[in-house]
Amino acid sequence: MSRTVLITGATGTVSTALMNALAGTGVTLRALVRDESRAPQGAEIRVGDLDDPKTLPPAFEGVQDLWLLTPNSPRAPENSMNALWAARRAGVERVVRLSVIGAAPDAPNRSGRLHALSDQELEHSGLRWTILRPHWFMQNLLNEADDIAATGTFSLNMDTARVGMIDVHDIAACAARVLLDGPDRHHGRTYTLTGPRSLTFDEVAAELSRAWGRPITYLPVSDEAKRKALLGHGMPAWVADMLEEYAQAYATGWGDLTTDTVAALLGRPPRDVADFARDHAGAFSAGA
């Protein structure tokens, strides 16, 4: 019998990549969305909101596996709690949860501390569980595409930080592997997912330059300058503050780490930033 996997965060980057990775594998995909007009293709659609637990039971009915991804907000632990409560009441067998790198009660950023609360709740839920803690997404570089296309530069408040960044498609592939391996094999495991090497953003710029045959330069900027730019693009202040905390932590060396976990799960090395640069060259071209 096909297992039904409920996908939360279904319109986001990671969950979209996960649904693509699970397509054609024999599982039944069900997507939880707040806005049916934005519903992804290739999945059963259920309308509900993790902010409102009353809307969740129909989406969880008949589900064996929950992919739990909550939005970055002060309400993230509440959203995770609502999902776990609905899962337990519906008889869901397993939860695979997307957490964050370094989630812990003493993490140097509010996101890490909030995710730690939800990780601990899941661990004590009585459900089978696996937690994925990915590093900084290579796809975050796509936020700099307009500046790179226009000026050949990108600006971050990371100073000389080294970061073991990971391609979102590797996160999705690892999540798919865990879900396809069955409910017991990865129970009780927390996996820290990184790319193959820890890079400075000067080194990232060099890889982008090699891939595209034109010079790309990284320009470090202050926290204040980056926050002003993010707010100017409409980012909520809470998220801008959270990203500033991450940048400050990375600048101290907090993100200078890699693991072998992706290779162990997938049987191949994780994708390098050079692979990412080649695949996304069009997004960074003038006029794209």
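Remark: pairs (first residue in region 109-133, in the same structural domain as Asp181 (by TED's automatic domain parsing) and among the basic types (Lys, Arg); second residue at pLDDT 95 or above and part of a helix (DSSP H, G or I); Cβ separation under 7 Å; 6+ apart in sequence or on different chains) = Arg110/Met242; Arg110/Glu245.
With respect to the conditions (1) of a type outside the set (Gly, Ala, Ser); (2) closer than 26 Å to His187 by Cβ; (3) within 17 Å of the chain's Cα centre (by Cα); (4) part of a loop (DSSP other than H, G, I, E, B), Arg97 falls short on a single one, namely (4). Whether a residue is assigned by TED's automatic domain parsing to the domain that holds Thr28, not charged (D, E, K, R) and not in a loop (DSSP other than H, G, I, E, B) was assessed, and Ile148 does not pass this test. Pairing residues of region 26-42 that are among the hydroxyl-bearing types (Ser, Thr, Tyr) with residues that are in a loop (DSSP other than H, G, I, E, B), at Cβ distances under 6 Å and at least 6 apart in sequence or on separate chains, gives Thr28/Ser2. For region 207-220, give me each residue that is assigned to a loop (DSSP other than H, G, I, E, B), touching a residue at least 60 places away in the same chain (Cβ under 8 Å) and surrounded by fewer than 16 Cβ atoms within 10 Å (Cβ to Cβ). Those that are assigned to a loop (DSSP other than H, G, I, E, B), touching a residue at least 60 places away in the same chain (Cβ under 8 Å) and surrounded by fewer than 16 Cβ atoms within 10 Å (Cβ to Cβ): Arg214, Pro215.
Within region 189-204, not a single residue is outside the structural domain of Thr252 (by TED's automatic domain parsing), assigned to a helix (DSSP H, G or I), aliphatic (A, V, I, L, M) and within 19 Å of Trp136 (Cα to Cα). Pairs linking a residue in region 176-194 that is within 16 Å of Val27 (Cβ to Cβ) to a residue that is among the polar types (S, T, N, Q) and surrounded by 16 or more Cβ atoms within 10 Å (Cβ to Cβ), with Cβ atoms under 8 Å and 6 or more positions apart or on different chains, are Val178/Thr130; Pro183/Gln64; His186/Thr130.
The values are calculated or read from the model by the stated rules, or taken from the named source; none is laboratory data. It should be emphasised that the depicted structure is a prediction, and the values quoted were computed from it without experimental measurement. In this analysis, Cβ positions are derived from the backbone assuming ideal geometry, glycine residues included, and neighbour counts consider all displayed protein chains.
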